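What follows draws every value from the coordinates through simple rules; no lab data is involved. Note that the structure is predicted; figures quoted are calculated from it, not measured. Using ideal geometry, Cβ is built from the backbone for each residue, glycine included, and neighbour counts are taken over all protein chains shown.
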């Protein structure tokens, strides 16, 4: 329950992100293949936005649409790596993949985002989502790795909103939803 709510908050945050294009990046590295790169990236970005809009309107995630979105998001992110939105679409890939229980795909997208985009302003969110995958006993079930990722957020991004979330996540590692609910209720008293 806690993980779904946090993921939905993150999805809303990323959907509302700035859609400015970096024209230099869209034209390709060092001007090579400017026309083809720009044209292809423009098409791939359009497909990614289209699939994002389809998912955004669904009340319940349709697996076929989710799989199409994952393909559109990853094609855009992988081919147009220098576009400022590539990292965001990797996070979206992870969220959609997780929602349809494709945990290996979710992990792969988050690993790529964290590795390839060290200056991504939402990197702490990507780290947090990866920590959730490791934290959940239904997914990767590695509490030590989850704690390491949460601690990395606290250490590397202490002033981010994700640092506070990571502190809370560390406190809840190994606890069931029922135990967490009891702790929260007792804290409110």
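Averaging the sequence gap over all C-alpha pairs within less than 8 Å and six or more residues apart, then dividing by the number of residues, gives region 38-189 a relative contact order of 12 percent. Multiplying the residue separation of residue 177 and residue 145 by 0.36 nm and removing their Cα-Cα distance gives an extension gain of 9.5 nm. Hydrodynamic radius of region 48-122 by the Kirkwood approach over all distinct alpha-carbon pairs: 12.2 Å. Here the peptides 41-48, 89-96, 108-115 are ranked by packing, the mean other Cβ count within 10 Å, and the order with the highest first is 89-96, 108-115, 41-48.
The length gained on full extension between residue 39 and residue 59, counted as 0.36 nm times the residue separation minus their Cα-Cα distance, comes to 3.9 nm. Residue exposure proxy: 57, 74, 181, ordered by other Cβ atoms within 10 angstrom of their Cβ from fewest to most, comes out as 57, 181, 74. Residues 156, 136 in ascending order of nearby Cβ atoms (within 10 Å, fewest first): 156, 136.
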